[in-house]
Amino acid sequence: MSKTYRVVAWSTGNVGRHAIAGIDARPDLELVGVWVSNPDKVGRDACEIVGLAPLGVTATGDLADVLEAAPDVVNFNGVWPDMDLFVAVLEAGINVVSTADWITGHH
């Protein structure tokens with residue numbers, strides 16, 4: 001039996017929306033949270049924000065909610081890395097994957 005990884009998507013923008021769709025489509029990944037920067041998106045169903053069928057995962061703008069969800073990984077899709085965020089997430093024992101420019105080298 002394969003492991004199902006619990007994932008929080010960090011953002012719902014150009015890259016984040018595709019990441020959420022990919023996470024939702026994979027049976028070995030479970031979307032357990034979504035962080036958003038826009039206060040108008042907080043409290044909305046995360047999948048509806050990106051044009052998918054509702055999943056029952058509510059978007060948050062609070063790091064404490066992300067940590068409380070106890071994901072295996074945070075998928076960070078912001079343009080610029082947030083080192084303080086990465087440190088807080090890693091210190092909580094949560095892995096981080098990112099498409100931030102300093103990792104990809106394309107900006």
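The values are calculated or read from the model by the stated rules, or taken from the named source; none is laboratory data. Nothing here was measured: the structure is a model prediction, and the numbers come from that model. All Cβ positions, glycine included, derive from the backbone under ideal geometry; neighbour counts span all protein chains shown. Accessible surface areas use protein heavy atoms only, side chains included; no ligands, DNA or RNA. Shrake-Rupley method; radii C 1.70, N 1.55, O 1.52, S 1.80 Å.
Step by step: first the residues of the range 50-61, then only those that are open to solvent by less than 50 Å² (accessible area, probe 1.4 Å) and in contact with a helix residue (DSSP H, G or I) (Cβ under 8 Å, 6 or more places away or on another chain), then the one that is farthest from Val7 (Cα to Cα). Which residue is that? Among them, the one singled out is Val50. With respect to (1) open to solvent by 60 Å² or more (accessible area, probe 1.4 Å); (2) touching a residue at least 60 places away in the same chain (Cβ under 8 Å); (3) of a type in the set (Phe, Trp, Tyr), the lone exception for Trp80 is condition (2). List pairs: first residue in the range 45-60 and on the phi < 0 side of the Ramachandran plot and touching a residue at least 12 places away in the same chain (Cβ under 8 Å), second residue open to solvent by less than 30 Å² (accessible area, probe 1.4 Å) and among the hydroxyl-bearing types (Ser, Thr, Tyr) anywhere in the structure, Cβ distance under 6 angstrom, at least six positions apart or on different chains. These pairs meet every condition: Ile49/Thr12; Val50/Thr12.
Each row is one residue, and each column tells you yes or no for (1) open to solvent by 70 Å² or more (accessible area, probe 1.4 Å); (2) among the aliphatic types (A, V, I, L, M).
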position: Lys3; (1), (2): yes, no
position: Val7; (1), (2): no, yes
position: Thr12; (1), (2): no, no
position: Gly16; (1), (2): no, no
position: Ile20; (1), (2): no, yes
position: Glu30; (1), (2): yes, no
position: Ser37; (1), (2): yes, no
position: Asp45; (1), (2): no, no
